[in-house]
1. Looking only at residues in the range B:175-226 that are among the basic types (Lys, Arg) and part of a strand (DSSP E or B), which one is nearest to DNA strand C (Cβ to nearest atom)?
2. Only residues that are away from DNA strand D (no atom under 11 Å from the Cβ) and on the phi < 0 side of the Ramachandran plot: list them for the range A:187-200, please.
3. With respect to the numbered conditions (1) within 14 Å of chain B (Cβ to nearest Cβ); (2) assigned to a strand (DSSP E or B), which one is the sole condition not fulfilled by A:ILE20?
4. Only one of (1) assigned to a loop (DSSP other than H, G, I, E, B); (2) within 26 Å of A:ASP146 (Cα to Cα); (3) open to solvent by less than 70 Å² (accessible area, probe 1.4 Å) fails for B:GLU172. Which number is that?
5. Take the residues in the range A:141-165 that are part of a helix (DSSP H, G or I) and over 19 Å from A:LYS177 (Cβ atoms); name whichever of them is least open to solvent (accessible area, probe 1.4 Å).
6. Can you tell me how many residues in the range A:57-81 are more than 20 Å from A:ASP146 (Cα to Cα), outside any loop (DSSP other than H, G, I, E, B) and either away from chain B (no Cβ under 14 Å) or of a type outside the set (Ser, Thr, Tyr) (or both)?
7. Tally time: how many residues in the range A:182-192 are closer than 15 Å to A:GLN166 by Cβ and either modelled with pLDDT under 90 or open to solvent by less than 60 Å² (accessible area, probe 1.4 Å) (or both)?
8. Specify the residue that is most open to solvent (accessible area, probe 1.4 Å); the eligible residues are those in the range B:201-226 that are among the hydroxyl-bearing types (Ser, Thr, Tyr) and either within 14 Å of DNA strand D (Cβ to nearest atom) or within 22 Å of B:ASP25 (Cβ to Cβ) (or both).
There are 2 protein chains.
Amino acid sequence: MQNSKTKDYFNPGVTVDVAIFTIEDGSLKILLIKRANEPFKNKLALPGGFIHEDETAHDTALRVLADKAGVAGVYIEQLYTFDAPNRDPRGQIMSVTYFALVPREKINIEEGRQTEQPKFIDVEKIAALSFDHSEILAYARKRLQDKIQYTNVIYSLLPKLFTLSQLQSTYEIILDKKIDKRNFRKKFLQLGLLEATEKKFSEGRQRPAVLYRFKKTGFAELKKFF
Amino acid sequence: MQNSKTKDYFNPGVTVDVAIFTIEDGSLKILLIKRANEPFKNKLALPGGFIHEDETAHDTALRVLADKAGVAGVYIEQLYTFDAPNRDPRGQIMSVTYFALVPREKINIEEGRQTEQPKFIDVEKIAALSFDHSEILAYARKRLQDKIQYTNVIYSLLPKLFTLSQLQSTYEIILDKKIDKRNFRKKFLQLGLLEATEKKFSEGRQRPAVLYRFKKTGFAELKKFF
DNA sequence: GTCATTTAGTGTTCTAAATACACTATATAA
DNA sequence: TTATATAGTGTATTTAGAACACTAAATGAC
């Protein structure tokens, strides 16, 4: 492959790394792969890849999502571009990072088929990662925490129909704090984003919960509300 | 110049563009240059430059600040990485963008010495810019508006000593709205960031104003407060 | 079939923050 | 001395956030 638009300037390498979040079993999880090659062979890392010719960083992120998580059409947003010296032992390589939010059931990891064995891992249980990926993960978590407080992005972590308890639990997991049930419901319903459906959800010996859906998906900016 | 760490991957070009804001004559202004070369020769653009070898994007931004605005030690922050196809007619070149906040009196533009004639221009009076720089400017203004509402970055646009009226005016200019004087003072003083000095500022036939300073400079995150 | 258990669902009171609003103080220039 | 320009100050009202406990509806166990 050859750069047809070469200048006589220095061009750093450019990769894209993606923090793919989901909620599973009451935890916030992120997709990690086991690196198949050096550097950091067999170590955990964020899924990513080099930008190809005629591909935007966003395109690359979508490609990574499709290849490593088997999903498309999910919420994705550029985070930050990391380029600390020596972040990559191969040389001057910057990483344009993205984060993606995916409801667990949309994800299709073909177990075993991929050498890199992509897996969702509880963010609280992650030790060291390859490169500066721990830093990227910390940055992504902070962005996620901030963003669910002044936007409606939470919809992108939930199934189409969900209960208010599920919604509240999602907030609690990400913000890592308990929220008062009555205050949560009052405030969230007041935002006018939800509509109740006729359906109910029941599981086990308990009162069934009304299922809600977002009136419209698509991104919206709100006032800060927690 | 030669990339000593070459891989057999495609490397896009990488530039850094910087939105340098200041307040002057009651307006929010940004530093623009007149491009000396093609493409967009003689058109207005954000100051910027290619990343050099062994230089981080942040370093590049500092270099641009020093070269084009003659300042160092100012507030600077990475904004976003723009890489839309065809944003640069020379080919696939991404721009890692930064914004900087500078008190007007710190800036040292050597008039006429530079072929690019860097000038501060009122953001309200800017028509089209080169490349996708209008988009970058819009993004930077939004970030600035948001950021002064939940951080103390406003300090980086003010001189060491300033009056509460100057401070309020800076907020009003950036947010493009009037703020009630009593409420503003009450709220801002309550934050505990300022200390009054013995000095007073007078200009013209009017009561002199107490000069304040920030107790500590350096970035801090606050609650959203307007 | 009743009772124990589990989660769903609901209002009010109190506190804190945001907003709306108008006059006096102190300097200079005319 | 007086007109003018900006500095500086307090209260009342409204709105939003926080704290708090019981009833409702289903199932599983016995």
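1. Going residue by residue through the range B:175-226, those that are among the basic types (Lys, Arg) are B:177-178, B:181-182, B:185-187, B:199-200, B:205, B:207, B:213, B:215-216, B:223-224.
Now narrow it down to the ones that are part of a strand (DSSP E or B): B:199-200, B:213.
Details: B:LYS199: 12, B:LYS200: 7, B:ARG213: 20 Å.
Taking the candidates together, the pick is B:LYS200.
2. A:LEU189, A:LEU193, A:LEU194, A:GLU195, A:ALA196, A:THR197, A:GLU198, A:LYS199
3. A:ILE20 satisfies all of (1) within 14 Å of chain B (Cβ to nearest Cβ); (2) assigned to a strand (DSSP E or B) except (1).
4. (1)
5. Among those that are part of a helix (DSSP H, G or I) and over 19 Å from A:LYS177 (Cβ atoms), it is A:SER156.
6. Of all residues in the range A:57-81, those more than 20 Å from A:ASP146 (Cα to Cα) come to A:57-73.
Of the ones still in play, those that are also outside any loop (DSSP other than H, G, I, E, B) are A:57-69.
Subset that is either away from chain B (no Cβ under 14 Å) or of a type outside the set (Ser, Thr, Tyr) (or both): A:57-59, A:61-69.
Result for the range A:57-81: 12.
7. 2
8. Checked the range B:201-226; the qualifying residue most open to solvent (accessible area, probe 1.4 Å) is B:SER202.
The values are calculated or read from the model by the stated rules, or taken from the named source; none is laboratory data. Computed from a prediction, not measured in an experiment: that's the story for all the values here. Every residue, glycine as well, gets a Cβ built from its backbone with ideal geometry; the counts of neighbours run over all protein chains shown. Accessible surface areas use protein heavy atoms only, side chains included; no ligands, DNA or RNA. Shrake-Rupley method; radii C 1.70, N 1.55, O 1.52, S 1.80 Å.
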